[in-house]
Amino acid sequence: MQTSIAPDVLATPLGQDADRILRKCVHCGFCNATCPTYQITGDELDGPRGRIYQIKDMLEGIAPGEQTLLHLDRCLTCRNCETTCPSGVPYAELLDIGRHLAEQQVARPLPQKLQRALLRRFFLSPLFGLALKTGRLLRPALPQTWRRMIPQQHSIGATQDVDTRQPWQQTVLLVGGCVQNSLQPAIDLAARSVFKQLDLHTVVATDTRCCGALSHHLSAERAAIAQIKHNIDHWLQQMQQHDCQHLSMTASGCGVMIRDYARLLQHDAAYADKARRISEAWRDPIELVRQQLNKGKKLNPANSANGKRIAFHPPCTLQHGQQLGGQVEALLQQLGFKLLPFDETHLCCGSAGTYSITQKSLSMQLRQRKLNHIEKHQPELIVTANIGCQTHLQSGTDTPVLHWLEVLAPT
Ligand code: SF4
Ligand code: SF4
């Protein structure tokens with residue numbers, strides 16, 4: 001794609017990054033075929049190619065309007081378009097630039113500003129845990145639609161058994177994140193139990209805060225970068241103290257963010273190297289499990305899920321964001337779990353962080369589309385790899401939705 005970016009923008013690192021990305025795009029439009037928002041609205045401006053053109057216009061000096069903001073807001077950042085693109089366009093990187101420019105030039109309507117500020121405050125404060133506890137107490141008395149929006153806490157069972165056996169092959173710093181430990185603490189305990197079976201020692205990171213994704217996706221960039229820098233300093237100190245080779249987290253949505261730390265801080269002289277070290281140390285749990293199995297370690301899942309009809313929903317952040325598609329499915333099948341095939345596994349379920357609140361209609365349509373495909377095969381369990389997808393899907397079905405680590409941990 002030819003570009004004529006305004007000279008003052010082209011003189012900045014942001015302008016040069018954008019120019020490099022735009023020149024890769026050959027505007028073939030293949031990416032529209034797998035874009036969930038384009039599939040629903042049928043509007044070119046809601047597809048990746050249309051968004052790329054809108055971002056190009058801004059870089060070339062055409063002022064964005066509220067419609068530009070809307071079409072960029074509607075993007076789920078699912079990165080399905082990156083998987084599809086034959087030219088290897090790093091779309092998410094360009095989207096970050098486009099959102100930054102649009103946010104600078106378009107005044108967001110006040111109700112949206114308030115909603116975004118409140119969402120950040122709510123999810124990043126102890127209020128979230130308190131509201132969840134209260135909701136769980138009231139749950140039995142609520143109508144079904146409301147009940148489904150308040151996920152029940154999963155049983156923790158034998159996963160609490162974490163010992164201090166020595167010597168370990170490797171040590172992993174397990175980061176808790178912001179909302180997951182209130183929603184489903186069983187997932188991290190399951191991870192520790194599975195890692196233990198595979199001779200991996202887990203050190204749980206103190207000071208569990210958001211990975212930065214929440215603020216980043218709500219375009220609160222300054223807050224996101226401050227959070228990321230805090231995490232980098234804290235995690236590097238903890239990794240050094242406990243001699244950790246890797247850093248992991250059980251939510252694939254946070255994982256893709258941590259993988260991106262190196263890119264997000266590449267132009268920051270004080271943090272570029274530290275951010276790169278964190279991104280390089282990052283391993284999704286499936287990478288750690290497969291690494292240990294390849295070394296001959298054994299995993300014996302004695303879980304009640306074995307023998308059940310399971311539908312595995314691969315989060316976009318796992319299959320597109322981290323390019324780890326097919327790995328959990330292969331592992332579960334190798335361990336004897338019975339997985340059901342279903343259509344459109346590549347498409348987003350509509351969760352995408354706070355998207356289910358800020359873009360409710362599109363999000364609900366995507367959730368229903370996903371559940372229709374899954375439930376056609378009458379699964380007894382739906383399994384996934386990200387707390388966001390897990391909670392979102394559970395809010396639309398009575399079929400239990402679990403993290404894959406929960407079905408591997410002994411019960
Ligand atoms: S598939 Fe890739 S090259 Fe083609 S329009 Fe989409 S982003 Fe551009
Ligand atoms: S990230 Fe997802 S929603 Fe956004 S343009 Fe790409 S495919 Fe479409």
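Miscellaneous remarks
- Global size of region 157-290 as Cα Rg and Dmax, reported in angstrom: 14.7, 47
- In order through region 139-149: 3J(HN,Hα) via Karplus (6.51 cos²θ - 1.76 cosθ + 1.60), integer Hz, x for Gly, Pro: 3, x, 8, 8, x, 4, 4, 6, 4, 5, 7
- Cα centroid separation, region 214-275 to region 371-402: 30 Å.
- Relative contact order %, region 172-213, counting alpha carbon pairs below 8 Å whose residues are six or more apart: 63
- Highest mean first, the peptides 19-26, 283-290, 5-12, 193-200 sorted by other C-beta atoms within 10 Å per residue fall in the order 283-290, 193-200, 19-26, 5-12.
- Near Leu347: Cβ cut-off under 10 Å, other residues only, Lys/Arg at +1 and Asp/Glu at -1. The net charge is 0.
- Taking 0.36 nm per residue of separation and subtracting the current Cα-Cα distance, fully stretching the chain between Ala330 and His242 would add 28.5 nm.
- Dividing the C-alpha radius of gyration of region 300-408 by 2.2 N^0.38 Å, with N its residue count, gives 1.01.
- Unit charges at the beta carbon, dipole of region 157-290: most positive-side option, Trp168, Gln241, Ile278: Ile278
- Per-residue ellipticity at 222 nm, computed for the chain from helices alone with -39500 (n - 2.57) per DSSP H run of at least four residues, works out to -14500 deg cm²/dmol.
- Radius 15 Å from Cβ of Leu265, net charge of other residues (Lys, Arg +1; Asp, Glu -1): -2
- When the convex hull of its Cα atoms is viewed from all sides, the chain shows a mean projected area of 20.0 nm².
- A cysteine counts as unpartnered when no other cysteine's C-beta lies under 4.7 Å of its own; in the chain this applies to Cys25, Cys28, Cys35, Cys75, Cys85, Cys244, Cys349, Cys389.
- Size of electric dipole in region 7-107: Cβ of Lys, Arg +1 and of Asp, Glu -1, about Cα centre, debye, nearest 20: 320
- Degrees separating the helix 91-105 axis from the principal Cα axis of the chain, which is the longest one: 60
- Take 229-240, 364-375 and order them by the average number of nearby Cβ atoms within 10 Å per residue, most first; the result is 364-375, 229-240.
- Once C-alpha pairs closer than 8 Å and six or more residues apart are averaged by separation and normalised to the residue number of the chain, the relative contact order reads 16 percent.
- Overall Cα dimensions of region 173-243 - principal axes, largest extent first, Å: 40, 29, 16
- Across region 42-111, the relative contact order, built from alpha-carbon pairs under 8 Å that are at least six residues apart, equals 39 percent.
- When the P(r) is computed for region 7-107, the part past 25 Å accounts for 12% of the Cα-Cα pairs.
- Members of Lys24/Lys370; Lys196/Lys308; Lys196/Lys376 lying beyond 27 Å, as alpha-carbon distances in this model show: Lys24/Lys370; Lys196/Lys376
- Straight-distance crosslink candidates among lysines, where the alpha carbon sits under 16 Å from Lys229 and sequence neighbours closer than 8 are dropped: Lys274
Computed from the coordinates by the stated procedures, all read-outs in this text should not be read as laboratory data. A quick note: this is a predicted structure, and the numbers were derived from the prediction, not measured. Backbone-built Cβ (ideal geometry, glycine too); neighbour counts: all protein chains shown.
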